[in-house]
Amino acid sequence: MMAIESAAVPLPSEIIMPLAGWKLIQAKGRGPEWVLLAGLFGAIGNVIGSWVAYYVGLWGGRPAAEKYGKYILVSKRDLDTADRFFARWGNWATFFSRLVPVVRTFISVPAAIARMPIWQFTLYSFAGAFIWSTGLAYGGYKLGENYENIRTAMRPFDYPIAAIIAVAVVWYVYRHIKHAWGEPEREKAGSAEQRP
């Protein structure tokens, strides 16, 4: 189920891992050390699902973005900027994104489009996913049948994160439309200046 979640299918890990901590560990009388094993399996599942999304982005993302990007306001310059960002911050962006609801599910495709090396992507994805999965499994272990309280407690963070993403998208669209509309005027002004 964690692999499905990381392949960009909306199956919340905030339900999966606490349920595992309760039903597979606490309810069966196993000790808290089993939580680490649950975190390990959760992280492995995350990495497998992330590989699916990563290779979709790698094989279809960059060529498709270069060919059809203008229709969704993605320019070659944007792709080059993403390349530079991932070259400098990609490891940490991948790691920390695995600890953030909503964002954690979708980091694989931009990492692939920016051609982040697969071994780095795997290492940092696993590290972040292990912390995330272990924490959620431990929460389910401690809360038992009240494991749903974890999702309830985390739900308020979904809205601010979604709002930040929405604002970023609006800003991105505004900036690209303004740039696209400004280009013809600048070209006209440039050609008028060149006339004798």
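The values are calculated or read from the model by the stated rules, or taken from the named source; none is laboratory data. Given the structure is predicted, the values throughout are model-derived calculations rather than measurements. Positions of Cβ are generated from backbone atoms using ideal geometry, with glycine treated the same way; all protein chains shown enter the neighbour counts. The protein model used for the area step is the full one, side chains on, heavy atoms only, and it has no ligands, DNA or RNA in it. Shrake-Rupley method; radii C 1.70, N 1.55, O 1.52, S 1.80 Å.
Structure values in brief
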item	result
Some residue of the range 107-121 being of a type outside the set (Asp, Glu), touching a residue at least 60 places away in the same chain (Cβ under 8 Å) and under 25 Å from ILE15 (Cβ atoms)	yes
Residue, most open to solvent (accessible area, probe 1.4 Å), within the range 1-11, restricted to residues that are at negative phi and at pLDDT below 75	PRO10
The listed residue being among the basic types (Lys, Arg), at pLDDT 75 or above, open to solvent by 60 Å² or more (accessible area, probe 1.4 Å) and not in a loop (DSSP other than H, G, I, E, B), out of LYS23, LYS28	LYS23
Failed item in (1) in contact with a Lys or Arg (Cβ under 7 Å, 6 or more places away or on another chain); (2) β-branched (Val, Ile, Thr); (3) within 22 Å of ILE25 (Cβ to Cβ), with THR134 passing the rest	(1)
Which numbered condition PHE121 fails, given (1) farther than 30 Å from GLN26 by Cβ; (2) modelled with pLDDT under 80; (3) hydrophobic (A, V, I, L, M, F, W, C)	(2)
Sole exception among (1) surrounded by fewer than 16 Cβ atoms within 10 Å (Cβ to Cβ); (2) within 25 Å of MET116 (Cα to Cα) for GLU33, by number	(2)
Counted residues, the range 124-142 - those being open to solvent by 70 Å² or more (accessible area, probe 1.4 Å) and modelled with pLDDT under 85	1
Per-region count, the range 1-20, residues part of a helix (DSSP H, G or I) and farther than 21 Å from THR152 by Cβ	3
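Rundown of residues vs (1) modelled with pLDDT of 80 or more; (2) of a type in the set (Phe, Trp, Tyr); (3) open to solvent by less than 50 Å² (accessible area, probe 1.4 Å), yes/no style:
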position: LEU40; (1), (2), (3): yes, no, no
position: ASP78; (1), (2), (3): no, no, yes
position: ARG84; (1), (2), (3): no, no, no
position: GLY90; (1), (2), (3): no, no, yes
position: VAL100; (1), (2), (3): no, no, yes
